[in-house]
Amino acid sequence: MSRLITSRWVRLALVAAVVTAVVVAVLRLRRPPAVRRQEGLPEPSRAETAAAPGVWAAPPRAWPPAPILGTPNAEILKGYATVTRPPAFLTRQAVPRTPLDGAARRMLTRWAAAACALGLLAVGAQVLDDAVFSGRRHAGEPCAGETVCQRAAAPVTEILETPAPAVPDADCDPAARTPHRRPVSPRVTRAVDRQWNRIERWLRANTPRTYRALSAPARSGTIAVAEAQMGLRLPDDLRASLLRHNGGAPLLMGESPLDVRGIRDTWRTLCEVDGVDGYTGEEIGERSEWWDGRMIPFTADGTGCHLLIDSVARDVGGKCEDEPIGFTPGGVRLRSYYALLKATADALETGGRIGYWRPRAAGGALDWEIIDAGAEAEYADP
């Protein structure tokens with residue numbers, strides 16, 4: 001063959017072509033099976049696999065190479081995803097409301113009309129009051145009445161010192177109601193009975209005449225009727241005491257306890273004498289008047305003096321003849337009827353006193369004496 005090809009350059013070109021074909025064949029045979037399948041090349045033979053086992057067994061290299069910090073997965077990419085959502089109140093669908101029926105609309109219309117009418121009435125009443133009863137008039141205007149003109153021309157201090165007119169005492173005119181029996185708390189009953197046991201034991205040993213004068217218990221129905229007629233509720237400690245003894249001899253600071261009917265009749269009598277509210281002079285309220293219907297008289301001394309209980313504050317006070325109500329009977333303050341009962345038991349057992357009143361036994365009966373010569377039976381606050 002070399003003799004047929006005489007040109008040197010041709011022989012070099014043929015050698016180069018053969019070498020290139022061998023190199024290309026070797027490179028194609030060394031590619032992985034996946035690349036060979038993609039390129040349509042045949043699978044390597046067993047001889048090729050045995051000749052280069054590391055080449056055919058190595059996995060294909062991925063491109064581009066894996067990042068140093070790792071490849072983010074779908075969960076990580078989800079955290080970086082930004083979703084723009086409108087506010088809930090813009091996307092919330094309004095719940096359809098059932099329209100009002102004709103009757104409801106008519107009722108609302110009537111109430112609205114009534115409210116407007118009341119508003120106009122209040123405004124009109126205020127305008128009328130300012131125009132007629134205020135007592136103010138401009139210069140040159142005629143006077144509407146003598147009393148109005150006198151009050152308009154009077155000094156401010158004189159108007160303020162003018163006593164307010166008396167009005168009926170609503171507590172002295174209660175509304176009719178059905179009697180209702182109320183049970184007394186067992187704890188209150190035990191406390192009251194404990195003090196009565198002390199008083200009865202001393203009376204039985206020292207003043208048998210006063211002990212025999214103690215009355216029988218009252219009936220709960222009688223107490224309920226008296227409460228309904230007076231429009232007041234007797235305190236539990238007073239009711240428990242009436243259910244033990246309904247009245248009796250002079251036992252409480254020289255005065256005799258009243259029975260249930262006596263409490264009601266005395267209350268009615270005092271309301272008939274002074275059944276108005278007139279806070280004039282030094283009287284500034286129900287507790288400093290001559291009498292007020294909210295008070296409950298529970299004793300009497302026969303001369304117009306009474307011990308009483310404020311049905312609201314529940315403390316013990318007193319009044320005597322023309323004096324106003326006071327809440328220092330005997331010169332001391334007593335927070336409740338039970339406090340008076342306990343103070344009486346203490347004074348009997350120890351020979352002590354309640355304020356300026358001191359009990360003593362005289363001829364088999366209980367007597368109370370004033371230990372201060374300058375003190376008299378006066379219950380008003382100083």
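Return a yes/no flag: does the range 211-233 have any residue that is surrounded by 23 or more Cβ atoms within 10 Å (Cβ to Cβ), assigned to a helix (DSSP H, G or I), in contact with a helix residue (DSSP H, G or I) (Cβ under 8 Å, 6 or more places away or on another chain) and among the aromatic types (Phe, Trp, Tyr).
So far as the range 211-233 goes, no, none of its residues is surrounded by 23 or more Cβ atoms within 10 Å (Cβ to Cβ), assigned to a helix (DSSP H, G or I), in contact with a helix residue (DSSP H, G or I) (Cβ under 8 Å, 6 or more places away or on another chain) and among the aromatic types (Phe, Trp, Tyr).
Restricting to the range 251-265, name every residue that is out of contact with any Phe, Trp or Tyr (no Cβ under 7 Å at 6 or more places or on another chain), open to solvent by 10 Å² or more (accessible area, probe 1.4 Å) and closer than 21 Å to TYR338 by Cβ.
Across the range 251-265, the qualifying residues are SER256, ASP259, GLY262.
Can you pull out the residues in the range 282-304 that are surrounded by 20 or more Cβ atoms within 10 Å (Cβ to Cβ) and in a strand (DSSP E or B)?
Within the range 282-304, MET295, ILE296, PRO297, THR299 qualify.
Can you tell me which condition GLN150 does not meet? The list is (1) on the phi < 0 side of the Ramachandran plot; (2) in a loop (DSSP other than H, G, I, E, B); (3) open to solvent by 70 Å² or more (accessible area, probe 1.4 Å); (4) modelled with pLDDT under 70, and all the others hold.
Of the numbered conditions (1) on the phi < 0 side of the Ramachandran plot; (2) in a loop (DSSP other than H, G, I, E, B); (3) open to solvent by 70 Å² or more (accessible area, probe 1.4 Å); (4) modelled with pLDDT under 70, the odd one out for GLN150 is (2).
Conditions: (1) modelled with pLDDT of 90 or more; (2) open to solvent by 90 Å² or more (accessible area, probe 1.4 Å); (3) within 30 Å of THR269 (Cα to Cα); (4) not aliphatic (A, V, I, L, M). PRO168 meets all but one. Number of the miss?
PRO168 satisfies every listed condition except (1).
Identify the single condition in (1) surrounded by 15 or more Cβ atoms within 10 Å (Cβ to Cβ); (2) closer than 17 Å to ARG360 by Cβ that ALA205 does not satisfy, given that it satisfies every other one.
For ALA205, the failing item is (1).
Suppose we filter LEU252, LEU258 for residues that are under 22 Å from VAL184 (Cβ atoms), at pLDDT 95 or above and hydrophobic (A, V, I, L, M, F, W, C); which single one remains?
None of the other options fit; the residue is LEU258.
Could you check how many residues of the range 234-250 are out of contact with any strand residue (DSSP E or B) (no Cβ under 9 Å at 6 or more places or on another chain), surrounded by 21 or more Cβ atoms within 10 Å (Cβ to Cβ) and aliphatic (A, V, I, L, M)?
Count: 1.
Could you count how many residues in the range 240-266 are within 38 Å of the chain's Cα centre (by Cα) and in a loop (DSSP other than H, G, I, E, B)?
2
The values are calculated or read from the model by the stated rules, or taken from the named source; none is laboratory data. Model, not experiment: these values are computed from the prediction. Positions of Cβ are backbone-derived with ideal geometry, glycine not excepted, and every protein chain shown enters the neighbour counts. Each accessible area value is taken on the protein alone, full model and side chains, heavy atoms only, with ligands, DNA and RNA left out. Shrake-Rupley method; radii C 1.70, N 1.55, O 1.52, S 1.80 Å.
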